[in-house]
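Chemist: Below you will find the structure I want to go over with you.
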Amino acid sequence: MFEPDDFGLSPVATLSHVADPAPSRHHVPVWNAWAKAVLADSPRLAPWSGAPDPGDVTHTHAFESTRHVRIGCRLLKPSARARAGLVVLHGYTNPPPLAREDDRWAPLTDRGVAVLAIRVRGYPGSLLDTGDWTAPSWLCRGLDAPATSGSGDASDSTATDLQGWSLVLGVADAVNAIRALSRELGGAVPIFLSGESFGAGIATIAAGLLAAHPELGIQPARLQISLPSLGDWKWRLAPERASRVGGSQREVADMLTQHARNAPELVERLRVGDAAIHAGRVRCPVLCRLACRDEIVPAPAAAAVYNALYTPPGLKWRFVTPYGHFDGGIRNARRHALFDRCALDFLDPSFDPSESMVPWQPLLASGQRVPTTP
C-alpha cells in the first residue's frame, strides 16, 4: 500500500502543526463589507416551489441568500419539538444528492435535532440562479477578478473585489442557513454546525465570522468538523508542496502558475478565507476529526485549523484516525465509523458536550470499540 505523503513530519509533528496567525491585509475590510451585505439578507426557510434544481431534485426547502441566490436544502425534523438545530455542509467534490442525508442523520433527529443539509451556491441542489461552478474550479471562481482600482490586474485589490469570490459567497450561504434555521425553530433553540473537509473549512470560517460580527445575531452552540480544509495556505503553497497533492490545492496551484505575475497578491487574497485564521475567533465547543496522513487535505494543514481554535482546551476534542481521504484498510475504516458515533453523542442536545465526551476520552487517540452510552 502506498501511503499518503507525510510531508516529512512525524504523527506528533503533524498533529501539533500550527499556522502563521497573521491575517491577510485584506481580511478586515473584506469581511466587514461581507457582514454588511449578509446583515441586509433576511433568509427564511420555505418549501421548495417552482422548477426543480437541474442538479439535484431531492431538495425539500430553500432560502434566499446573498445576491438573491436560492440555496437548496433538505430539512429533517424530529417527531417532537426540536431541542436543537444542525446545519450540515458538504465536501468539495461530487457531494451526494441531498436525499442521502436522511439515513446519515436519522439517529440525530431521533434525539430531537432538526437537521438542515444544504448545498452552497454553484453545487447541484443550488444551481438555478448561478449555474454550475464546480468546473474548472469552484474555489478559484472570482479569486482572480481584476482590481477595480483601474490597474487591470489583482495588484491593487479592494474589499469590493472579493465580494464576488465563490468562497466569500459560500460562507454567506452557510451563515444564512444558520440564520434561517434559527428563525424556523425559534431563537431560543441552539444551532449546531457540521462539515467535513471543504464543508469543515466553510463551517470554521462561518463560526469565526459569527463570533467576530455579533451584529449578525447568532452564534453556533457547537461545531463538529472533520479533516478541515481551506487552512494554512502559506504552508500549503510553499514551492516544495504546492503541486504535490490534489483537490482544491492543485486547482489553486494551477491558477497561480497561469497568473504568475500576480501570484503573491492572489495568495494574499486566498488567505482572506484561511480557516486557520478564522478558527482563532471560534469559542464554542468543538469536536474535530484529524488524520495522521492525508494528501487531499494535507494533514498538517487540517491540524493547524484545530490548533488555532480559541475554544478552551476542556471544550475541544481531537479524534485521530490513521488516514483521511484515503482507503487505509479496516482499522482506518473502523476509526472513521467510530468517529461518526462519537459525533452523534457530541451533537446530542440532551447532554452537555463535556458530559457526552467523557466516555470517549480513552478512544480519542486509538481504539475500536464503542464506549458505554453517556
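The values are calculated or read from the model by the stated rules, or taken from the named source; none is laboratory data. As the structure is a computational prediction, the values presented were derived from the model and not from experiment. Virtual Cβ from ideal backbone geometry, glycine too; neighbours counted across all protein chains shown. Keep in mind that these areas ignore ligands, DNA and RNA; they rest on the heavy atoms of the full protein, side chains included. Shrake-Rupley method; radii C 1.70, N 1.55, O 1.52, S 1.80 Å.
Chemist: If I model the stretch 59-198 as equal point scatterers sitting on the Cα atoms and use the Debye formula, what is log10 I(q)/I(0) at q = 0.11 Å⁻¹?
Modeler: -0.45
Chemist: Cα extents of the stretch 70-147 along the three principal axes, largest first, in whole Å?
Modeler: So the three principal-axis extents are 51, 23, 19 Å.
Chemist: Same structure, new question: Multiply the residue gap between residue 257 and residue 188 by 0.36 nm, knock off their C-alpha separation, and tell me the result in nm, one decimal place.
Modeler: On the way: separation 69, 0.36 × 69 = 24.84 nm, distance 4.91 nm.
Full extension from residue 257 to residue 188 adds 19.9 nm.
Chemist: Right, next: Mind running the shape call on the chain? Use the C-alpha gyration tensor, a ≥ b ≥ c as the square roots of the eigenvalues: rounded below 1.5 for a/c, prolate if a/b tops b/c, oblate otherwise.
Modeler: oblate
Chemist: Given the protein chains as shown and a 1.4 Å probe, how many square angstrom of residue 234 are accessible, to the nearest 10?
Modeler: Approximately 100 Å² of residue 234 is accessible to the 1.4 Å probe.
Chemist: Evaluate E = 1/(1 + (r/R0)^6) for residue 132 and residue 368, where r is the Cβ-Cβ distance and R0 equals 41 Å; express this FRET efficiency to the nearest 0.05. Each step should come with its number before you reach the end.
Modeler: Working: r = 41 Å, r/R0 = 1.00.
Efficiency, rounded to the nearest 0.05: 0.50.
Chemist: Given C-alpha coordinates of the stretch 1-141, what is the ratio Rg to Rh with the Kirkwood estimate of Rh?
Modeler: 1.05
Chemist: Using only the Cα atoms of the stretch 286-359, construct the convex hull and provide its projected area averaged over every direction, in square nanometres to one decimal.
Modeler: 5.1 nm²
Chemist: Roughly what would the spin-label model give for residue 318 and residue 67, points 7 Å off Cα along C-beta, in nm?
Modeler: A separation of 3.7 nm, rounded to one decimal place.
Chemist: Mind listing the long-range amide H neighbours of residue 44? Cut-off is under 5 Å, sequence gap 5 or more, other chains count too, H placed in the peptide plane at 1.01 Å from N.
Modeler: Answer set, sorted by chain and number: 64.
Chemist: Still on this structure, please answer the following. Note down the relative contact order for the chain as a percent, whole number, built from C-alpha pairs under 8 angstrom at least six residues apart.
Modeler: Numbers: 773 pairs, mean separation 71.8, N = 374.
Reported as a whole number, the value is 19 percent.
Chemist: Hey, what's the Cα Rg ratio for the stretch 137-276 versus the globular rule of thumb, 2.2 N^0.38 Å?
Modeler: Numbers: Rg = 16.4 Å, N = 140, 2.2 N^0.38 = 14.4 Å.
For the stretch 137-276, the normalised Cα radius of gyration is 1.14.
Chemist: Moving on. Report the extension gain between residue 310 and residue 215 in nm, rounded to one decimal, defined as 0.36 nm multiplied by the number of residues separating them, less their alpha carbon distance.
Modeler: On the way: separation 95, 0.36 × 95 = 34.20 nm, distance 2.00 nm.
Extra length available between residue 310 and residue 215 comes to 32.2 nm.
Chemist: Ok, one more. Pull up the cross-link candidates among the aspartates and glutamates for residue 316, meaning alpha carbon to alpha carbon under 16 Å and not fewer than 8 places away within one chain.
Modeler: Counting by Cα, and skipping residues close in sequence, residue 316 has these aspartates and glutamates nearby: 345, 348, 352, 355.
Chemist: Want the number for residue 99 to residue 361: 0.36 nm per residue separation, take away the alpha-carbon distance, what's left? Let's see the in-between values first.
Modeler: Details: separation 262, 0.36 × 262 = 94.32 nm, distance 3.30 nm.
Result for the pair: 91.0 nm of gain on full extension.
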